[in-house]
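FYI, it's all coordinate maths here, none of it is from the lab. The shown structure was predicted, so the numbers you read here are calculated from the model rather than taken from an experiment. Cβ sites come from the backbone with ideal geometry, for glycine too, and all protein chains shown count toward neighbours.
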Amino acid sequence: MDLRVCMLLVLLCAALCSAEVPQDCCLSVAQQRPLPARLIHSYKLQEAGRGCAINATVVQMKAGRRLCLPHPEGHPWVQRLMRVVDQRQQP
């Protein structure tokens, strides 16, 4: 293979590998009844347009399972879960 083609492939691979690739995005949210806060270990917010297609609240359950819940905006029960988890993590 020509050295120029080989170098081009190496540069292309390096550019693709350094690009931000979304991981583990929620594709939909569970519209379920409120969960007990004692079952939730942590949460993170997923914002649409930042590598994922929808807004969501990703909760990590203490049992290791992940759930995609609605974004807290307009969902008071999700806001309450987040508040309880935040208070529990404060020293």
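Tabulated data for the structure shown
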{"read-out": "Burial order of peptide ranges 79-87, 65-73 (average beta-carbon count within 10 Å, highest first)", "value": "65-73, 79-87"}
{"read-out": "Global form of the range 33-84, assessed from the alpha-carbon gyration tensor, a/c cut-off 1.5", "value": "oblate"}
{"read-out": "Estimated vicinal HN-Hα couplings, Hz - the range 35-43 in sequence order (Karplus 6.51, -1.76, 1.60; Gly, Pro = x)", "value": "9, x, 4, 5, 8, 9, 8, 7, 8"}
{"read-out": "Built amide H within the under 5 Å cut-off of H41, gap 5+", "value": "Q60, M61, K62"}
{"read-out": "Bridge type composition, the range 34-82 - antiparallel percent by DSSP, nearest 5", "value": "90 percent"}
{"read-out": "Derived scalar couplings ³J(HN,Hα) [the range 64-74; Karplus, 6.51 cos²θ - 1.76 cosθ + 1.60; whole Hz; x for Gly, Pro]", "value": "x, 7, 10, 10, 9, 10, x, 4, x, 4, x"}
